[in-house]
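Everything below concerns the one structure shown next.
Read the figures in this text as sums done on the coordinates, not as results from a lab. Here the structure is a predicted model, which is why all the values come from computation and not from measurement. Every residue, glycine as well, gets a Cβ built from its backbone with ideal geometry; the counts of neighbours run over all protein chains shown.
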Amino acid sequence: MAGSWQGLVNQPTFNTSSMILLSDGRVMVQEDGTPHWYALTPDGEGSYLKGTWSPLADMAIWRRYYASGMLKDGRIILIGGEDSGAGGDTNLGQIYDPVADAWDPLPSPPGWLQVGDAACCVFPDGRFMIGALLSGDCTIYDPTTNSWSNAAAQPVRTNEESWVLLHDHTILTVECFPPYRAQKYIIATDTWKDEGVVPVTLVDPVMSEIGPAMLMYDGKVIFFGAADSAGQGKTAIYTPPSHPLGTGTWVAGPNIPKVGGKTMVCNDCPASLMPNGHVLVASAPFEFNNWGSPISFFEYDPFTSTLTQAPTPPNNGDQLYWSRFMLTPTGQVLFSPSSKEVQVYTPKGGPEEHWRPTIEAVIPHGSPADYYIIEGKKLNGFSQANMYGDDCSPCTNYPLVRLRNIHSHEIYYARTYDFSTMGVATGDSLQSVRFTIPHLPPGHYDICVVANGISSHCMSFSHHKPKRHGCGCDEAERSECCCRETREECCCGEESALEPEILELKRELKNLQRSVHRLASRIKFDEPEREKKRSHKDEDGDKDEGKGKKRRRNS
């Protein structure tokens, strides 16, 4: 029951890198080796295949291989960079505000001279934890105070690990340095707990690499291995305990099938949990102290516990570590090996009914409403769903709101924010999210919530023109008008009075101005070459030679 690949109708004009799903339905894509970002916006039918590109604001520096995540307010946190314009393993970070289309400064963790490609995870309460490169130290960023605080340390260094958020507010990982045991971080008690010996070899001991890991709809976690273990790439499956303080159990999963007689492994590569419950994972032939090519794809079926090779797209010729996935709200998966070609994987089959988010209520704030609150269940989905590991953290466990005009059938996405939780598999607990739709034409719509590519059943929704606030509104009024959504001094009387067509023209003009600015900046910007990663044994020769080379650290 394999899916199929199609290329984007409008391919990017730049080498893509990390992809992040914004809460307004756009996919934010970095241009590799530069500070530039672009947005892929679905067309009026909601199609990413036929989506269009527009420039976003530049970061302060270029970077590769870093920690990132979605915050509860809809902003994107990003810190580190194994390679960057500020040097190797930088500790610098920024936060992207999609409303203002601007990057805000982020304080570096006190005492941390390096962050690099740190393992990371967003907690259910919205805090953000990263791990150190050369030790087991961890630190937590609190967006409400804009500050970092120390967390409990892991027994061994956290570098290269894949961190998986579980439904019981714990984080599961496998050590990438001896003794290669499993560890679990219990958020409530700020403690790491030993989760035993993994029954198969997952970590390549030479490169200290592991593959992605995924929490699935049955509550189990599959880890994909990077090691050649007796001629086979391995997987392991973890079943969580009934209580967060308990100890889970491990069993060996299926071997990764060979391709052309070659051992296939998953070192530094992505995986996505698709709406049909299967896990799509990238893989490549094992190479000693290196990353293989070409890239192959497999689907893991948890119902039969089997791995089956999926079709191969035409852009699979690069080394595995360049691979990036993005699970879109349509349930399709974008793939690019950091190239100018993006392919889209459409899986076969759909979700089971009990996996869908449900809408309990849509509550307007004001009349006409300036924002809405959706209350419902399973709004964040059952999993982080889009995983890689330490180099890239493109999780999608937050609700999006999609609207379809019942007359024109045009698709719109609202902007969601103020998520009541960033947790996964929240069960029957009632959760909420705010959304705004400032550019939505008045009319009648079907509205639904989408989590990890799975849509709720839709309900009827009517949208009326918002109130028009003048620039003279006092602070109480100002907090409820569009001034709260922008950095401009006065927007309420001006922007809300404009028709959607005029607003669209204004946005297109802004994009055109940014494109001209970016073209001019390219004349001055010396982009690093797209060079191969540095393997573990290369590091001793010259740690600082050349940007764009992935460095491997000795223990």
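Between Ala102 and Ala252, what's the calculated FRET efficiency when r is the beta-carbon distance and R0 is 41 Å? Round to 0.05. Computed FRET efficiency for Ala102 and Ala252 comes out at 0.25. Net length available on complete extension from Asp73 to Ala188 is 39.2 nm, with 0.36 nm assigned per residue and the Cα-Cα distance removed. Which shape class applies to segment 342-459: rounded if a/c is under 1.5, otherwise prolate when a/b exceeds b/c and oblate if not, where a ≥ b ≥ c are the square roots of the Cα gyration tensor eigenvalues? In terms of gyration-tensor shape, prolate. One equal scatterer on each Cα of segment 139-226, no solvent, Debye formula: the resulting log10 I(q)/I(0) at q = 0.10, 0.19 Å⁻¹ is -0.27, -0.90.
How much length would be gained if the chain were fully extended between Leu245 and Thr52, taking 0.36 nm per residue of separation minus their Cα-Cα distance, in nm to one decimal? All intermediate terms of the calculation are to be shown ahead of the outcome.
On the way: separation 193, 0.36 × 193 = 69.48 nm, distance 4.73 nm.
The Leu245-Thr52 span can extend by a further 64.7 nm.
Taking label positions 7 Å along the Cα-Cβ direction at both Thr13 and Thr41, the computed distance is 1.7 nm, reported to one decimal.
Going through segment 286-370, which chymotrypsin sites (Phe, Trp or Tyr not before Pro) have at most 14 other Cβ atoms within 10 Å and a DSSP loop state?
Numbers: sites: Phe286, Phe288, Trp291, Phe297, Phe298, Tyr300, Phe303, Tyr321, Trp322, Phe325, Phe335, Tyr345, Trp355; in loops: Phe286, Phe288, Trp291, Phe303.
When the chymotrypsin sites (Phe, Trp or Tyr not before Pro) of segment 286-370 are filtered for loop state and at most 14 Cβ neighbours within 10 Å, Phe288, Phe303 remain.
Each part reduced to its alpha carbon centroid, segment 343-405 and segment 265-305 end up 24 Å apart.
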